[in-house]
1. Determine the distance separating the Cα centre of the stretch 149-164 from the Cα centre of the stretch 50-99; give it in Å without decimals.
2. Just how many % of Cα pairs in the stretch 82-133 lie over 16 Å apart, if you round to the nearest whole percent?
3. Amide H to amide H under 5 Å from Leu150: which residues, 5+ apart in sequence or cross-chain, H placed 1.01 Å off N in plane?
4. For n ≥ 4 DSSP H runs only, could you compute -39500 (n - 2.57) per run for the chain, divide by its residues and tell me the 222 nm figure to the nearest 500?
5. With a 10 Å radius around each residue's Cβ, average the other Cβ atoms per peptide and rank 77-84, 49-56, 33-40, highest first.
6. If you work out Cα extents along the principal axes in Å from the coordinates, which of [x] 47, 32, 29; [y] 54, 33, 28; [z] 41, 36, 32 do you get?
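Values in this text are rule-based calculations from the coordinates and carry no lab data. Keep in mind the model is a prediction, meaning the values are calculated, not measured. All Cβ positions, glycine included, derive from the backbone under ideal geometry; neighbour counts span all protein chains shown.
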Amino acid sequence: MKIGVLALQGAFREHEDMIRLSGAECIEIRQLSDLTGNSLDGIVLPGGESTVQGKLLRELGMLEPLRNMIKAGTPVLATCAGLILLAEKIDGDPISHLGTLPVTVKRNAFGRQTGSFEYTGNVGKLRNFLMTFIRAPIVTELHSRDVEVLAESRDQIVAVKYGNQIGLAFHPEINDDPSIHRKFLELCEKFHNSTK
């Protein structure tokens, strides 16, 4: 399987390490041809600066093709800034980016860098998963009954799933546990098998 990792800005290399560790091939998405010319079975949207990433996606002509791929069912794992890119609405911002995930998110909901913290809890069926939050957003509103809440921390929604889209406010790529990436690859394998 080929997994495309958005590599315009942010913490994409750690995701690549986790994907490779879990047995899949990684393609760095830096330009439109990387996105459209590789028959990708899944996409990872990493943490970083969502405003910068959204601007670059527009400038490089990748926003609409990426949106169309996600709407067509290509699985996506989005962490922190990636969750903001996916969100239908961003609290306090009239501009959204991909808008494929029917939720509202709030940026930096736990504070700035000094508000970073770790929390161990359940993420869907995964038990006792260490979640690392760095300038993390939260999901403040669900716009569809089909959005599944996967995790909460401090009484806030920090992980959701909608179809083949997984949005996480935390960073699973910076710890030693590949469980979330492996769960994501299971989605990608189903998608791969359904389209071949």
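1. Distance between centres, Cα-based: 18 Å.
2. Roughly 56 percent, rounded to a whole number.
3. HN-HN under 5 Å from Leu150: Ala159, Val160, Lys161.
4. That calculation yields -8500 deg cm²/dmol at 222 nm.
5. Peptide ranking by packing, descending: 77-84, 49-56, 33-40.
6. Only one option fits the structure, namely [z].
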